Amino acid sequence: MRIFKSSDIQIIDRDTGSVLPTYRCRGEYWVAGTPGARYSIMVQSHRGQRLLAVTAVDGINVISGETGAWGQSGYVLGAGESYEIAGWRKSDAEIAAFNFTSAGRSYAERTGRPANIGVIGVALFLERPVRVSQYVAPDQKAEEASRDRSEGAARAAPQSPLASPLSSPKLAGAQSQSNMAPAEKLGTGHGAREASYVQNTQFDRLSSTPNEVIKIRYDSFENLVAMGVVPSRPAWRPGPNPFPDSTSPRYVPDPPGG
């Protein structure tokens, strides 16, 4: 199912290879993680041009380790390309794997930044098209210079700032409800080192603010049930048996004590 405009984001359980189901509750998307399981963030571009995905886990940039901000480094995807972000980048050739762990053992907690544990964010940027120089006749230069000045004034007009998804009132309300969870919430650990190769490239953003911001929250299944995000699993009960007293052959039982 396609949820977002510029790309699809999926959370993959790397130990089973399955895509974690996405639940929608109170205007937010959620996934249920299994403590100890490794996971990855699969980004699939739907654009016919290059796309920059600035990605943060628990409020921390997955490439630089800085507290997450839109202007930081990210992964560049080609037209229609997908990429699996599987850990904290340690170098151009290595990552430390993402794994679900208790909040107290998460990378964010261990680096003194626990405020945003339990959220995955991807800020998507379009690339500025390359401008090709064209010849302008001398008698047109004055007219175009005047038009450029008027357009510059229009671009300089103040615009209403975008609200940060990490400071919105809706998120604060959802965070207060997480206190109802029966167990410690999940965070993302700094797992084992793995080989993962990337190359550096240049990317000129079309704007300083993202064209789209995708936010997915996560916790254990039990905590999501306690918060009302997902319904509880019904207890399994065996079906009715037409011969309840004949389920196994009758033989001489052992005496008490064997």
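The values are calculated or read from the model by the stated rules, or taken from the named source; none is laboratory data. Treat the numbers as computed from the prediction; the structure is a model and nothing was measured. All Cβ positions, even for glycine, are placed from backbone atoms using ideal geometry, and neighbour counts span all protein chains on display. To get the accessible areas, we keep the full protein, side chains included, count just its heavy atoms, and leave off ligands, DNA and RNA. Shrake-Rupley method; radii C 1.70, N 1.55, O 1.52, S 1.80 Å.
Can you list residues whose amide H is under 5 Å from Gly68's amide H, if they're 5+ apart or on another chain and H is modeled 1.01 Å from N?
Ile60, Asn61
Just reorder Arg105, Arg14, Arg193 by solvent-accessible area, largest first, 1.4 Å probe, all chains present.
My answer, sorted largest first, is Arg105, Arg193, Arg14.
Accessible area, 1.4 Å probe, largest first: how do Arg26, Arg47 sort? Display every interim value, and only then the final one.
Details: Arg26 115, Arg47 80 Å².
Result, largest first: Arg26, Arg47.
Can you list residues whose amide H is under 5 Å from Gly87's amide H, if they're 5+ apart or on another chain and H is modeled 1.01 Å from N?
HN-HN under 5 Å from Gly87: Phe98.
With the Cα gyration tensor of the range 11-101 giving a ≥ b ≥ c as the square roots of its eigenvalues, does the rule (a/c under 1.5 for rounded; else a/b larger than b/c for prolate; else oblate) give rounded, prolate or oblate? Before the final figure, lay out each step's value.
Working: a/c = 1.42, a/b = 1.19, b/c = 1.19.
The shape class here is rounded.
Accessible surface of Glu109 in the full protein assembly, 1.4 angstrom probe, to the nearest 10 Å²?
Accessible area, nearest 10 Å²: 80 Å².
Using the basic label-point model (7 angstrom from Cα toward the beta carbon), what is the Ala115 to Asp15 distance in nanometres?
Inter-label distance under the simple model: 3.2 nm.
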